[in-house]
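Data first, discussion second: the structure below is written as structure tokens.
The values are calculated or read from the model by the stated rules, or taken from the named source; none is laboratory data. Keep in mind the model is a prediction, meaning the values are calculated, not measured. Neighbour counts are summed over all protein chains in view; Cβ atoms, including those assigned to glycine, are modelled from backbone coordinates with ideal geometry. The accessibility values were calculated without ligands, DNA or RNA, using every heavy atom of the protein model including side chains. Shrake-Rupley method; radii C 1.70, N 1.55, O 1.52, S 1.80 Å.
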Amino acid sequence: MTTETILITGASGQIGTVLTEELRKRYGSDAVLQTDIRLPEERQGHFEVLDVMNATQLGSLIRQYNVRQVYHLAAILSAKGEKNPKWAWEINMAGLFNILEAAREFGLRVFFPSSIAVFGGMTPRINTPQYAVLQPETVYGISKVAGENWCQYFYQKYEVDVRSVRYPGIISYQSMPGGGTTDYAVEIFHNAVKGEPYSCFLKEDTRLPMMYMPDAIRATLELMEAPAESVKIRSSYNLAGMSFTPSEVAAEIRKHIPGFQVAYEPDFRQNIAASWPESIDDSQAREDWGWQPEYGLEKMTIDMLAHLKEYYQVVLM
Ligand code: SER
């Protein structure tokens, strides 16, 4: 195959599903290779089953499809990782290592998603700065801190063009998150539109940084398309969209669905959330590659409800 291809790992996940579609729109269906250990719900273009732990298979696919860029999205998220820390560490670290080694061998550009989970209880929680104490309290966070450092190492030592952002919680209507601490912010919309009450696993006043999917996709592509000299941070950029609490998003939904009921039954995920920032200072991303979010809570809520309403084909009253 001679066409240059972009490979996405974890492409059946929350971000991967939407990113694959956007990359296909921009570069053409043949230019994108969707991979995952799970089959996607809908198959449109190139898809291969790939376990990121398998370096040999990864190398073969890179050769076969003439891969030039990788979006390495495959990972175990924060809440799921706590159920089996060693397994989460192995997947998150060995997976990234295989990608970085392949990038070095084949001269690939790499996108690595980091997270607000790199921060912990020792970090200032409001307007968390780019360079803050990184002492995470989840295995997921530990793997992302280590991953950021490995990315920077491969850039400095082997000139691998690796780029990364620390995503906040991502909210989307197209796909569901799996195993994260911020998943409530997607689930709550689904229940509201279905006319069901929602039991929230975080306390009502737990403020967390969040971002609507279109902003997350645009940030990712703007960073990946920026001239190399603008990308001054090669560990990972702070990135912000909005911040809200469960009760604030519930109130925003109630402006459109007045009877919507939410109960608060915090579980182990509350402790994870309590160790994360409330808001993020992303001025470095704004300065270096012009980052500007478009969606706040109000605009995101309107858009989420409209799309989910269409999806469930119900009339909101
Ligand atoms: N949304 C992720 C999680 O909750 C954070 O990166 O695990």
Selection count, the range 63-79, where residues are within 16 Å of the ligand (Cβ to nearest atom), over 16 Å from GLY141 (Cβ atoms) and either surrounded by fewer than 21 Cβ atoms within 10 Å (Cβ to Cβ) or among the aliphatic types (A, V, I, L, M) (or both): 2
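Take GLU298 and decide whether it is in contact (Cβ under 8 Å) with a residue 40 or more places away in the chain, surrounded by fewer than 18 Cβ atoms within 10 Å (Cβ to Cβ) and touching a strand residue (DSSP E or B) at 6+ places or on another chain (Cβ under 8 Å). Reasoning before the result, please.
Numbers: in contact (Cβ under 8 Å) with a residue 40 or more places away in the chain: yes; surrounded by fewer than 18 Cβ atoms within 10 Å (Cβ to Cβ): yes; touching a strand residue (DSSP E or B) at 6+ places or on another chain (Cβ under 8 Å): no.
So GLU298 does not fit the description; no.
Out of all the residues in the range 196-227, which are among the basic types (Lys, Arg) and in contact with a helix residue (DSSP H, G or I) (Cβ under 7 Å, 6 or more places away or on another chain)? Working first, answer last.
So the first thing to find is which residues in the range 196-227 are among the basic types (Lys, Arg), and the list is 203, 207, 218.
If the condition is that a residue be among the basic types (Lys, Arg) and in contact with a helix residue (DSSP H, G or I) (Cβ under 7 Å, 6 or more places away or on another chain), then LYS203 is the only one that fits.
To keep it simple, each residue is scored yes or no on (1) under 30 Å from ARG207 (Cα atoms); (2) of a type outside the set (Gly, Ala, Ser).
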{"position": "SER78", "(1), (2)": "yes, no"}
{"position": "ASN84", "(1), (2)": "yes, yes"}
{"position": "ARG104", "(1), (2)": "no, yes"}
{"position": "ARG109", "(1), (2)": "no, yes"}
{"position": "PRO124", "(1), (2)": "yes, yes"}
{"position": "PHE154", "(1), (2)": "no, yes"}
Which of the residues belonging to the range 5-58 are open to solvent by 70 Å² or more (accessible area, probe 1.4 Å), within 19 Å of LEU223 (Cβ to Cβ) and of a type in the set (Asp, Glu)? GLU21
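Answer with yes or no whether PRO266 is touching a Lys or Arg at 6+ places or on another chain (Cβ under 7 Å), of a type outside the set (S, T, N, Q) and within 30 Å of LEU221 (Cα to Cα). First the steps, then the outcome.
Values: touching a Lys or Arg at 6+ places or on another chain (Cβ under 7 Å): yes; of a type outside the set (S, T, N, Q): yes; within 30 Å of LEU221 (Cα to Cα): no.
Judged against the criteria, PRO266 is not a match.
Filter the range 301-317 down to the residues that are in a helix (DSSP H, G or I) and either without any contact (Cβ under 8 Å) to a residue 24 or more places away in the chain or open to solvent by 30 Å² or more (accessible area, probe 1.4 Å) (or both) and list them by number. Steps first, please.
Just the residues of the range 301-317 that are in a helix (DSSP H, G or I), to begin with: 301-312.
Passing the criteria: ILE302, ASP303, ALA306, HIS307, LYS309, GLU310, TYR311, TYR312.
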Of the residues ALA102, ALA74, which is small (Gly, Ala, Ser) and under 21 Å from the mean Cα position of the chain (by Cα)? ALA74
Can you tell me which residue within the range 93-131, out of those that are more than 16 Å from the ligand (Cβ to nearest atom) and among the basic types (Lys, Arg), is nearest to TYR167 (Cα to Cα)? ARG109
Does GLY178 meet the test of being modelled with pLDDT under 95 and within 15 Å of the ligand (Cβ to nearest atom)? yes
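When you check MET93 against the structure, is it over 19 Å from the mean Cα position of the chain (by Cα) and over 20 Å from GLY241 (Cβ atoms), yes or no? Reasoning before the result, please.
On the way: over 19 Å from the mean Cα position of the chain (by Cα): no; over 20 Å from GLY241 (Cβ atoms): yes.
So MET93 fails the test.
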For the range 269-276, check the following and say yes or no: at least one residue is open to solvent by 30 Å² or more (accessible area, probe 1.4 Å), more than 16 Å from the ligand (Cβ to nearest atom) and at pLDDT 95 or above. no
